[in-house]
Amino acid sequence: MSKHVIALKEQGLITEAQTEHYQITDKGISQLIEYEKVYHIPPYLNGFAYKDKSTHFWKRYCLLVQTLSNLIGNKKTFLPVQYEETVQRWVKSYLLHQKGRTKEQMLNDFYQETNNLLQEVSTKQATVFTLMLTGYRQVGRTPGQIARLLDMDPVWVQVEFQAVLHFFIGKIDKGISSNKYPSLYSLSRDLLARPQLTETTQKTMKLLNQGLNIHEISMLRRLKISTIEDHIVEIALHSTDFSIEPYVEEKLIREIEEVVQVLHTNQLRKIKERVTNQEISYFQIRLVLTRMGEGDESRTVTKN
């Protein structure tokens, strides 16, 4: 358990529903509402779908940019920003397979695609992202340094930075069919491959296919209903053939979709507050979001 989770529990902002599975408390919700008056959470921040992917993407991206810029500057020896052997090995392999492309072409392609995407985020987010980069005769700033430079909270610098990464991954993922960001996609091809369902979710799916409903599966597997709902959301997220209509009526799907389009957010609480039918559950909202290509948001915000 991380020190941050421990701190949140001690402050009564979250509670552990089951092992390593947390729910936000009423006190936590109240504090979030106060914080949102000062800190607006970017709508494309989606830790559930992009957390690990964005981390791996950034490690590859920043090391590759650093390597190319130094090689172009005729500096073959430098301290790499990423020391992980797997990341360094990946970048070396990537460069070796770029036959027919010069270092200048590669770096320019990354620049053009990155610049196009940064035009779609806020100026502050774009600034945070670029200040993090290390290149030829340029050392990337730490979150603390950026916070002092831009007069920001250090934690919020991290939030803005992650928001940009999630925005990148989301755009690259949606642009795969049109090959809109070929260079950036080449860094994340394996990361965007659809993961297989977890073992426990596969067991739930097998029972669903046998005709059992949520309550029956919950009783049979001796798991909470909320856990089975998590499994169903996971199935919907990774299987476009899975129908969500047994759990959300068509008219409710339309209402949720309309609210999401108006608010331009996938934050569950905000959507829940705006829908007119208060019987709509967080579970149903999450299912509709999977169908809208918005991924899913952590269940830590689903307590009502």
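The values are calculated or read from the model by the stated rules, or taken from the named source; none is laboratory data. Just so it is clear, the structure is predicted and the values come from calculations on it, not from any experiment. Counting neighbours? That spans all protein chains shown, and the Cβs are built from the backbone with ideal geometry, glycine included. Note: accessible area is taken over every heavy atom of the protein model, side chains too, but ligands, DNA and RNA are not part of it. Shrake-Rupley method; radii C 1.70, N 1.55, O 1.52, S 1.80 Å.
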Exercise. At most 15 other Cβ atoms within 10 Å and a DSSP loop assignment: could you name the GluC sites (Glu not before Pro) in region 13-110 that fit?
Key: E20, E84
Exercise. Starting at the first residue of region 58-73, write each ³J(HN,Hα) from the Karplus equation 6.51 cos²θ - 1.76 cosθ + 1.60 with θ = phi - 60°, in whole Hz, x for Gly and Pro.
Key: 5, 4, 5, 4, 5, 6, 5, 4, 4, 5, 4, 5, 6, 5, 5, x
Self-check item: Relative contact order computed over the chain (Cα-Cα under 8 Å; 6+ residues apart), in percent
Solution: 22
Exercise. Kindly provide the helix-only [θ] at 222 nm of the chain, computed as the sum of -39,500 (n - 2.57) over DSSP H runs of four or more divided by all residues, to the nearest 500 deg cm²/dmol?
Key: -19000 deg cm²/dmol
Quiz item: Put +1 on the Cβ of every Lys and Arg and -1 on every Asp and Glu Cβ in the chain; which of G135, N179, F57 then has its Cα farthest towards the positive end of the dipole?
Solution: G135
Practice problem: Please report how far the C-alpha centroid of region 194-268 lies from that of region 51-81, rounded to the nearest whole angstrom. | Solution: 39
Quiz prompt | region 83-123: chymotrypsin sites (Phe, Trp or Tyr not before Pro) in DSSP coil with no more than 15 other Cβ atoms inside 10 Å | solution = Y83
Practice problem: Note down the magnitude of the dipole of the chain about its Cα centre, charges +1 on Lys and Arg C-beta and -1 on Asp and Glu C-beta and zero elsewhere, to the nearest 20 debye. | Solution: 1220
Exercise. Calculate what fraction, in whole %, of the accessible area of region 32-93 sits on carbon and sulfur atoms when a 1.4 Å probe is rolled over the protein chains.
Key: 58
Practice problem: Note down the Stokes-Einstein diffusion coefficient of the chain in µm²/s, whole number, using a Kirkwood radius over alpha carbon pairs, 37 °C, and 0.692 mPa s. | Solution: 152
Exercise. Loop only per DSSP, at most 15 neighbouring Cβ atoms within 10 Å: give me the trypsin sites (Lys or Arg not before Pro) in region 91-150, ordered by residue number.
Key: K99, R101, R137
Quiz item: So what are the radius of gyration and Dmax for the Cα set of region 32-136, in Å?
Solution: 16.3, 54
Exercise. Please list, in chain and number order, the residues 5+ apart from G135 or on another chain whose amide H is under 5 Å from its amide H, with Hs placed from the backbone.
Key: G140
Quiz item: For L96, L191, L268, what's the largest-to-smallest order of accessible area, 1.4 Å probe?
Solution: L96, L191, L268
Practice problem: Any chance you could run the full-extension gain for V38 through R254? It's 0.36 nm times the residue separation minus the Cα-Cα distance, nm to one decimal. | Solution: 74.6 nm
Exercise. For I14, list long-range residues whose amide hydrogen, built 1.01 Å from N in the peptide plane, is under 5 Å from its own amide hydrogen.
Key: K9, T25
Self-check item: Rounded accessible area per residue of region 149-300, 1.4 Å, Å²
Solution: 52
Quiz item: Taking 0.36 nm per intervening residue step and subtracting the Cα-Cα distance, what contour gain separates I225 from T123 on full extension?
Solution: 32.4 nm
Practice problem: In Å³ and rounded to a whole number, note down the convex hull volume per residue for the Cα atoms of region 1-86. | Solution: 169
Quiz prompt | Cα-centred dipole magnitude for region 1-70, charges only on beta-carbon of K, R (+1) and D, E (-1), debye, nearest 20 | solution = 360
